[in-house]
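Visitor: Before I ask anything, let me first share the structure, which is written out below as structure tokens.
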Amino acid sequence: MSSRSRSGHPLKWLVVLAVVAVGCGGGPSSVESVELKGADEELGTSADALTGCVTAGASLQTTTNLNLRSGPGTSYGILLTMPGSSIAREVGGGCPTSGWYKLTYSGVTGWASGTYLTLVAGSSTTRDDAITRAQGAMGFSYWWGHGAWKSGAAVGSCSGNCPSCTHSGSYGADCSGFLAKAWVVPATNSNVSVDSHPYGTIHFNSDTSQWTTISRDSLLKADALVYNQDGAGHTFLYESGDGWGSMWAYECKGCAYGCVHNLRTATTTYHAIRHF
């Protein structure tokens, strides 16, 4: 056998073994070679670490760059890294598994260590008040360019295709008239029975001193989603659910629907905004 062939065999088997080593595995031990992207969960000792159960669906905020893993432990692979101060939604029923919480962030569901998580403050009275105002509008008609409703009053009716639609009655709202009343923007727009329409979706689509864009991952009740594109637009008030999937909403949906509380989705043309 030539010296060339003899020297080639060890190299050949070295390559084969390397390929086998790289291609095998998939179990917990194989993940150790993955470079840690976020904080080392094993080292965290924060006194503010989240340890107990939270309200199912609560918003949790990262205190530093934090790994979202495929399972509840450092032996599981990293799906993505959430930047510090990111807000994710709890989707595991509220209670942790060995200190790890099941979360959804940016459309990805995984597990994150409570060591670097804090609970975002729950719904305020102000948010509850906005939902209560929104509930009062349910069942009223869609009224293009208007916003008013009153308990016990005739709900009105809408026919045709807006903006070339016909409305009858003294009460009803379109999508932006409804949101302005629910949010009480401006502050003088506090009486829901007084017709007003201070803003359109073109206004809600841009940040102001009264509302700002937020991530759809961090939606809290009484936030809103909006789009305005090529002369068309819509907005609705978020109540609960997956900001990137199915969510419960209050909205004045259109002439044929009126003002409704429904389960819906939103395309990527929508972005989330916060007033409170």
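Visitor: Which residue pairs have Cβ atoms closer than 7 Å, lie 6 or more positions apart in sequence or on different chains, and pair a first residue in the stretch 152-171 that is closer than 10 Å to Phe140 by Cα with a second residue that is of a type in the set (Lys, Arg) and open to solvent by 40 Å² or more (accessible area, probe 1.4 Å)?
Guide: Tyr171/Lys150
Visitor: Another question, then. Scan the stretch 46-93 residue by residue and report those that are among the basic types (Lys, Arg) and modelled with pLDDT under 85.
Guide: Residue satisfying the conditions is Arg89 alone.
Visitor: Can I ask one more? Working carefully through the options Asn191, Asn205, find the one that is in contact with a strand residue (DSSP E or B) (Cβ under 9 Å, 6 or more places away or on another chain) and touching a residue at least 12 places away in the same chain (Cβ under 8 Å).
Guide: It is Asn205.
Visitor: With the requirement that a residue be more than 26 Å from Arg127 (Cα to Cα) and surrounded by 14 or more Cβ atoms within 10 Å (Cβ to Cβ), what does the stretch 142-195 give you?
Guide: Gly156, Ser157, Cys158, Cys162, Cys165, His167, Gly169, Ser170
Visitor: Could you check, for the stretch 117-140, whether at least one of its residues is among the hydrophobic types (A, V, I, L, M, F, W, C), touching a Lys or Arg at 6+ places or on another chain (Cβ under 8 Å) and open to solvent by 10 Å² or more (accessible area, probe 1.4 Å)?
Guide: Taking every residue of the stretch 117-140 in turn, at least one turns out to be among the hydrophobic types (A, V, I, L, M, F, W, C), touching a Lys or Arg at 6+ places or on another chain (Cβ under 8 Å) and open to solvent by 10 Å² or more (accessible area, probe 1.4 Å).
The values are calculated or read from the model by the stated rules, or taken from the named source; none is laboratory data. Keep in mind the model is a prediction, meaning the values are calculated, not measured. All Cβ positions, glycine included, derive from the backbone under ideal geometry; neighbour counts span all protein chains shown. Keep in mind that these areas ignore ligands, DNA and RNA; they rest on the heavy atoms of the full protein, side chains included. Shrake-Rupley method; radii C 1.70, N 1.55, O 1.52, S 1.80 Å.
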